[in-house]
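Please find one structure pasted underneath; my questions will follow.
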Amino acid sequence: VRLPGMLYAAVIMSPTFGAAPLSDDRATILERPGVRAVVTLASGRYGNVPGVAVVADSWWRARQALDALRIRWSAGTHDTLNSDAITARLREAAAGADGFPFRSAGDSERALSQAVTTVRATYEAPFLAHAALEPPNATVRVSDGGAELWVGTQVPGMARAAVAHEAGVREDAVQVHQYLIGGGFGRRLDVDFIAQATAIAKAVPGVPVQTIWSRENDLRHDLYRPAAVSSLSAALDAAGALTAFTAHSAGQAPLKLYSRRVGLVLSKFGPDRMTAEGSWDQPYEFAAFRSAHAEVELPVPVGMWRAVGHSHQGFFIESFIDEIAAAALQDPAAFRASLLQQHPRALRVLQEVVARSGWTQTLPPTADGRTQARGIALHESLGTIVAEVAEVSLSAENAIRVHRVVAVVDCGFAVNPNLITQQVESAIVFGLSAALRGEITISGGAVREGSFADYRPLQMAECPTIETHIMPSMEPPSGVGEPPLPPIAPAVANAIFALTGTRLRSLPLRLPAPPNG
């Protein structure tokens, strides 16, 4: 957006959770050429955190002035918070038994006690950033009795309400100009950066001010995909049949916290189903089944991330299904098929991906002679069933390389097959970035990652060949943008197990480097 007389704002926010600016050298900074204002930012109802902004006639001048502001910060309220402590707390909660039971059928405890073979495992997933290529930004002009907003957002109505609240005007006095979002993935469901941009624009009334976050701001002040841990158990009888399946996960409540930020009565109270979805609503049939989730309160801000709970629960469930198949000495695809006899749509998707991927055929070595293996996963979300097969090899340093992904999608009636294919490819690339590298870590109450150097997405040369096959259907159209993401991490993890015999139970997927020599 470029408007006549527009100014630019650069922002710095609290370096640790709960810190606030105490003082700065703004008197000196205001004497710099092009600098128009220095604004102290308080925490707000929309999730925006304390900080300082500099308004200038170019973003670069604003950023340079901000770097020279010499801000002194208060101590954070969570300066000892770190990733290890968070993971330990989640593990403890997942190992307990006080989660809300989203689904229960049969007597799983009795089946487990009578099992010939018991399979137990704990799976983990980290916090994740959205890391859209276009960082959060908004342009706002505040005038007497009204305001104007230029923004890319997933929620224009909520954006309008945030501007009205921050500017102190009526909602019908706010005009919103909707732009392409430059990547959302759930991040632009929140309006913290819009409320912040409005607070900054109030300092120079009548002038449009474009607030642009740096990449460091984007990664260190995101509303993250929650970290989660799941404790899973399964019982097998003497014939290798699955007689019980239990899942008890733990993590924060993103929908509940989101609802409180934006003022929606979606899930402010009661259990947050979004963080547990994907664990209790899959098409598999179990003789005895129990799925529960324990909500854990943490000071890390969380929100919606592509596929939400399905993004981590899909990894937990589909990896563990594979683990049970191995314990039962059964082919992973055939084992899944045995659990889908009452769900013909899901079974057809599974059978199609088996046929399309050449699952039963020997996989040749890579062009440079490295052994490959296949992994399979199936997951249902937003009314859409997706099965994926990943072909994977390892480098000499044990780096994971995904060469080919075959995806089969049943999303009901295919309105626009080309768009469906694009969304499948997008979700797989986004999911692979998270599966192989995605991880937000915390030390001393602060997020460590601050650039694409240490939060690196999948690059073009690393992207696998992706084949998308759409199942013909006359069912109502269902979701496409998110459902292809949950199966990719477990498909890759299951391929690694087939290749090495090592079961990776935490994300991102990493194998130790081989010994020297």
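The values are calculated or read from the model by the stated rules, or taken from the named source; none is laboratory data. The structure displayed is predicted, hence computed values, not measured ones. Ideal geometry is used to build each Cβ from the backbone, glycine not excepted, and the neighbour counts take in all protein chains shown. SASA here: full protein model, heavy atoms, side chains in, ligands and nucleic acids out. Shrake-Rupley method; radii C 1.70, N 1.55, O 1.52, S 1.80 Å.
So which helices of the chain fit the span-like rule, where a helix is a whole DSSP H run, its Cα atoms reach 15 Å or more along the axis, and its mean Kyte-Doolittle is at least -1.0?
TM-like helix candidates: 83-95, 156-167, 309-327, 344-357, 417-436, 488-500.
Within the accessible area of the range 199-293, what % is carbon and sulfur when the probe is 1.4 Å and the other protein chains stay in place? It would help to have the intermediate numbers written out before the result.
Working: 1590 of 2750 Å².
For the range 199-293, the apolar C and S fraction of the accessible surface comes to 58 percent.
How big is the antiparallel share of DSSP beta bridges in the range 139-193, given as a percent to the nearest 5?
About 50 percent, rounded to the nearest 5.
What are the principal axis extents of the Cα atoms in the chain, in Å, biggest first?
79, 57, 46
Which value results when the Cα radius of gyration for the range 172-256 is divided by 2.2 N^0.38 Å? Each step should come with its number before you reach the end.
Numbers: Rg = 22.7 Å, N = 85, 2.2 N^0.38 = 11.9 Å.
After normalising by residue count via 2.2 N^0.38 Å, the value is 1.90.
Need the C-alpha centroid separation for the range 321-357 versus the range 116-149, integer Å.
33
Could you go through the range 233-250 in sequence order and give the Karplus-derived ³J(HN,Hα) for each residue, using 6.51 cos²θ - 1.76 cosθ + 1.60 with θ = phi - 60°, rounded to whole Hz, and x for Gly and Pro?
9, 9, 10, 10, 8, 5, 8, x, 7, 7, 10, 7, 9, 10, 9, 10, 9, 8
Here's another thing I want to ask about it. Taking 0.36 nm per residue of separation and subtracting the Cα-Cα distance, what length does fully extending A85 through L3 add?
Residue separation times 0.36 nm, minus the Cα-Cα distance, leaves 24.8 nm.
Next question, about the same structure. With the calculation restricted to Cα positions, what are the radius of gyration and Dmax of the range 1-103 in angstrom?
Rg then Dmax for the range 1-103, in Å: 19.9, 63.
For the range 261-307, what is the accessible area per residue in Å² when the probe is 1.4 Å?
It amounts to 37 Å² per residue over the range 261-307.
At a 1.4 Å probe, what is the % contribution of carbon and sulfur to the accessible area of the range 22-152?
The value for the range 22-152 is 48 percent carbon and sulfur by accessible area.
Work out the charge dipole of the chain with +1 on the Cβ of Lys and Arg and -1 on the Cβ of Asp and Glu about the Cα centre, then indicate which of L511, Y179, A238 is farthest towards its positive end.
Towards the positive end, the residue furthest out is Y179.
A further question follows. Multiply the residue gap between E297 and E216 by 0.36 nm, knock off their C-alpha separation, and tell me the result in nm, one decimal place. List each step's numbers first, then the result.
Numbers: separation 81, 0.36 × 81 = 29.16 nm, distance 2.53 nm.
Extra length from E297 to E216 when fully extended: 26.6 nm.
When only DSSP loop residues count, what chymotrypsin sites (Phe, Trp or Tyr not before Pro) in the range 427-478 have their Cβ near at most 15 other Cβ atoms within 10 Å? The partial results should precede the final answer.
Details: sites: F430, F452, Y455; in loops: F452, Y455.
Hits after loop and neighbour filter: F452.
When the expected Rg is taken as 2.2 N^0.38 Å, what fraction or multiple of it is the alpha-carbon Rg of the range 438-517?
My calculation over the Cα atoms of the range 438-517 gives 1.52.
Which three extents, in whole angstrom, do the alpha-carbon atoms of the range 1-59 cover along their principal axes, largest first?
Principal axes ranked by extent give 36, 29, 15 Å for the Cα atoms.
Tell me, what % of the accessible area of the range 380-517 is carbon and sulfur with a 1.4 angstrom probe?
Carbon and sulfur atoms account for 54 percent of the accessible area of the range 380-517.
Also: With +1 on each Lys and Arg Cβ and -1 on each Asp and Glu Cβ, how big is the dipole of the chain about its Cα centre, in debye rounded to the nearest 20?
Result for the chain is approximately 780 debye, rounded to the nearest 20.
What accessible area per residue comes out for the range 125-223, rounded to a whole number of Å², with a 1.4 Å probe?
33
Quote the FRET efficiency, to the nearest 0.05, computed for S143 versus A27 with a Förster distance R0 of 35 Å and r equal to the Cβ-Cβ distance.
Working: r = 28 Å, r/R0 = 0.80.
It comes to 0.80.
Moving on to the next point. In units of 2.2 N^0.38 Å, what is the alpha-carbon radius of gyration of the range 342-389?
1.41
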